[in-house]
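**Student:** Input: one structure, supplied below.
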Amino acid sequence: MRHFDISQNHLSCTCNLSWFRTFLNQGNLTLSNPQTTLCSPQSISQFVGKPILEFFPGKVCGPNLTVYISASALILTCIVGSILAWRNRWWLNYKCFHLRLVVVGYYEMEDARDHQDYRYDLNIIFPDEDEGWVLEEFLVALQGHLPEFQRNRIVCGDDDLPLGGTRYDAIDRVIENSFKNLVIVSNASVNDANYLMTLQMAVAHMNDVQLENVVMVFREDIPDNQLPYLVRLFLSKNKPYFQWTEERYQQMLVWEGLAKAMTRNKKMNGILPL
């Protein structure tokens with residue numbers, strides 16, 4: 001067959017018909033009625049209604065650059081991402097660990113004993129200059145928010161220390177036998193040698209028993225460069241502390257948090273390097 005007529009066919013001049021257009025160029029057949037062999041409305045827009053011999057697929061049916069570029073970019077991104085993930089694997093593992101704690105939660109180990117299992121419910125450590133405020137304001141409010149802590153089981157100042165032995169021996173016995181040691185931090189505490197010694201004894205005992213039984217309450221703002229070393233060390237280890245305020249509603253929040261912290265002793269996740 002040397003001649004054939006397909007003028008009555010609806011030819012979709014799309015990239016899928018490229019093979020046929022190439023066949024017409026390379027074959028030995030002659031297309032009859034070429035001017036009436038038209039591209040159908042389903043063809044590529046610029047060839048609709050035109051003779052099929054004016055359909056040149058090479059102009060519009062080249063390689064799909066979008067697909068090649070997208071695939072190359074995806075492969076390059078995977079390679080770069082893998083290299084960065086490997087180089088920062090420990091940082092990513094650390095972040096994923098904290099994300100898992102936020103989403104899933106975590107179990108906190110606590111001491112099974114409560115305040116009634118100790119000789120004293122609470123030992124309040126404060127500088128000498130703050131004694132009036134502690135006895136007249138803070139202790140009164142504390143007993144209102146923690147009625148289960150009885151006054152005769154709270155050591156607040158030298159007058160409540162047990163008799164016998166030296167002052168520091170008595171303080172050491174109180175720290176060891178108290179459910180909680182509450183530390184008041186103020187500007188007066190910076191230069192109070194007795195206070196700093198008592199604080200060191202309390203932190204050392206906390207290291208020994210591996211329980212977070214020390215809680216700090218900041219009575220006022222203190223410049224960072226004036227904070228005692230043990231206080232800065234305590235804060236750097238994310239130990240429990242509260243900021244005292246005279247504003248009524250903020251003070252209510254402080255007491256809510258403080259009352260919760262005073263009801264349990266969590267297991268420590270490491271010691272403080274004294």
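**Student:** To the nearest 10 degrees, how steeply does helix 167-176 sit against the main Cα axis of the chain, on a 0 to 90 scale?
**Tutor:** For 167-176 against the chain, the angle is about 40 degrees.
**Student:** I'd like the distance between the alpha-carbon centres of the range 215-270 and the range 17-78, rounded to an integer number of Å.
**Tutor:** 76
**Student:** In percent, how large is the relative contact order of the range 12-143, given Cα pairs closer than 8 Å and 6 or more residues apart?
**Tutor:** Across the range 12-143, relative contact order equals 17 percent.
**Student:** If you line up the long axis of helix 65-87 against the longest principal axis of the chain, both from Cα atoms, how many degrees apart are they, to the nearest 10?
**Tutor:** 20
**Student:** Charges at C-beta only: +1 for Lys and Arg, -1 for Asp and Glu. How large is the resulting dipole of the range 1-120 about its Cα centre, in Debye rounded to 20?
**Tutor:** 540
**Student:** Only loop residues by DSSP count here, and only those with at most 15 other Cβ atoms within 10 Å; note down the GluC sites (Glu not before Pro) in the range 196-253 that meet that.
**Tutor:** Glu220, Glu246, Glu247
**Student:** Now for a separate question. Under the rule that an exposed site lies in a DSSP loop and has at most 16 other Cβ atoms within 10 Å, name the longest stretch of the chain with no chymotrypsin sites (Phe, Trp or Tyr not before Pro) of that kind, not counting the sites themselves.
**Tutor:** Numbers: sites that count: Tyr106, Tyr107.
Answer from the scan: 108-274.
**Student:** Between rounded, prolate and oblate, where does the range 140-274 land on the alpha carbon gyration tensor, with a ≥ b ≥ c its root eigenvalues, rounded for a/c under 1.5, else prolate if a/b exceeds b/c?
**Tutor:** Taking the square roots of the gyration eigenvalues as a ≥ b ≥ c, the range 140-274 is rounded.
**Student:** Using modelled backbone amide H atoms (1.01 Å from N, in-plane), which distant-in-sequence or interchain residues come within less than 5 Å of Gln243's amide H?
**Tutor:** Here the answer is Phe218, since their amide H atoms fall under 5 Å of that of Gln243.
**Student:** For the chain, go through all pairs of different Cα atoms, get the mean of 1/r, take its inverse, and jot down that Kirkwood value in Å.
**Tutor:** Kirkwood radius, the chain: 25.8 Å.
**Student:** With every protein chain left in place, what is the accessible area per residue of the chain in square angstrom, probe 1.4 Å?
**Tutor:** With all protein chains present, the chain gives 63 Å² per residue.
**Student:** How long, wide and thick is the range 108-160, going by the Cα atoms along their three principal axes, in whole angstroms, largest first?
**Tutor:** Largest to smallest, the principal-axis extents are 37, 24, 21 Å.
**Student:** Continuing with this model, one more query. In whole percent, and with a 1.4 Å probe on the protein chains, what portion of the accessible area of the chain is carbon and sulfur?
**Tutor:** That fraction is 55 percent.
**Student:** Per 0.36 nm of contour for each residue apart, how much would the distance between Val80 and Gln200 grow if the chain were fully extended, relative to their Cα-Cα spacing?
**Tutor:** 38.1 nm
**Student:** What does a probe at Arg2 reach in the range 29-56, counting residues whose amide N is under 12 Å from the point 7 Å along Cα→Cβ?
**Tutor:** Correct set: 29-30.
**Student:** Same structure again: Taking the chain as a whole, which cysteines find no other cysteine Cβ under 4.7 angstrom from their Cβ?
**Tutor:** Cys78, Cys96, Cys156
The values are calculated or read from the model by the stated rules, or taken from the named source; none is laboratory data. Because the structure is predicted, anything quoted here is derived from the model rather than measured. Cβ coordinates were reconstructed from backbone atoms using ideal geometry, including for glycine residues, and neighbour counts include every protein chain displayed. Each accessible area value is taken on the protein alone, full model and side chains, heavy atoms only, with ligands, DNA and RNA left out. Shrake-Rupley method; radii C 1.70, N 1.55, O 1.52, S 1.80 Å.
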